[in-house]
Every structure is written in C-alpha cells, then in structure tokens.
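Only one structure is covered here, and it is reproduced in the block below.
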Amino acid sequence: MPSSQPPAKPTQSSTEALGVLGEALAWKHLQAKGYRLVVTNWHAGRLGEVDLIVACDASHILVFVEVKARRGVNSTEALLAVTPRKQRQLLALAAAYLARHPQWDGWDIRVDAVGVAVPRTYEADGGYHLIHIENAVVSG
C-alpha cells in the first residue's frame, strides 16, 4: 500500500516538489474518504498523464483525479488550471486506461479535480487548503 506522502526526488525543481506534495495531500484526503489507490502518475504516451486513479470499492466507481497545487493562492484558484483542453485530455486518458484495463468493465467512471493551496511557509503538520470536486469533468 502506498504511503500517504511519496518522497520527493532530490533533483526535483520546486515546482515538481510542489506537485508531488499536492498529489500526496490529495491522496491523503481521498484515502480518508475510503478510496483505494489504483495507480499514480499513469502515462499514456502522447495523451499525457493522470495524477491519481483511485477506486471506491463499495460503490464500484473508478475515479481519475487531476491534482492542481499552487503556492500562495487559494485552492479554488488552483482549479482554474483545469482548462477545457485539460478536461478533454482527462476524458481521453480515462478512455485509454479503460481500453487497456478491461477488469474495470461494469464500474462507473468519474473524473474529479483536487485543488491544493500550500502556503509559502508550509510545515508538514498542516496549514494547507484543499478542495475536492467530484464529477469535475463530464463528457458531452
């Protein structure tokens, strides 16, 4: 089982480290809500990457999660980075994942977004703000 906070690589830029931190905080939030981690940072070649894929076993829902972390802004502003282009990309990534993983046939699919605002003086004991929007991206 993955830890609640993946370690940052020593060679990461501050932007990459913020992204890793945002994903760890998002996973901690989702784990507390009863989700099970399926995979992190799933790549589909030129289509791009999904930050987190989680499952709610009780409801048979597979959730593709886009995480946006920012310093010094509120979490709602961080979510503005989930542009219409990014939304289309997430739907395409979800379709690609499902095509390659038929074990999820019959499960409902959802695309969520998590915005994380991390203060510039962030300490590991908290102080961040997180917003989780279920069904943030819908097809059609």
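Taking 17 Å as the cut-off, the amide N atoms of the range 33-49 that come nearer than this to a point 7 Å along the Cα-to-beta-carbon line of Arg100 belong to 38-49. Considering only Cys56, Leu21, Leu79, the residue lying farthest towards the positive end of the dipole of the range 14-137 is Leu79, judged by Cα position with unit charges set on Cβ. Restricting attention to the range 47-140, close to 50% of DSSP beta bridges with both partner residues there are antiparallel.
Only Lys, Arg, Asp and Glu carry charge here, each on its Cβ (+1 for the first two, -1 for the last two); on that basis the range 14-137 has a dipole of about 320 debye about its Cα centre. Using a simple spin-label model with pseudo-atoms 7 Å out from Cα toward Cβ, Arg85 and Asp57 lie 4.0 nm apart.
Once you have a ≥ b ≥ c as the square roots of the Cα gyration tensor eigenvalues for the range 18-140, tell me rounded if a/c is under 1.5, and otherwise prolate or oblate according to whether a/b is larger than b/c.
Details: a/c = 2.03, a/b = 1.53, b/c = 1.33.
Prolate shape, in that a/c is at least 1.5 and a/b is the bigger ratio.
By the rule of a C-alpha distance below 12 Å, with chain neighbours fewer than 8 residues away ignored, the aspartates and glutamates paired with Lys68 are Glu16, Glu23, Asp51, Glu77, Asp112. Fully extending the segment from Asn41 to Asp108 would add 22.1 nm, taking 0.36 nm per residue of separation and subtracting the current Cα-Cα distance. Looking at the range 49-125, the trypsin sites (Lys or Arg not before Pro) that sit in a DSSP loop and have at most 12 other Cβ atoms within 10 Å of their own Cβ are Arg120.
In this simple spin-label approximation, Ile131 and Ala32 carry label points 7 Å from Cα along the Cα→Cβ vector, and these lie 1.8 nm apart.
Values quoted throughout were computed directly from the atomic coordinates according to the rules given, and no laboratory measurement underlies them. For clarity, every value in this text was computed on a predicted model and none was experimentally measured. Cβ sites come from the backbone with ideal geometry, for glycine too, and all protein chains shown count toward neighbours.
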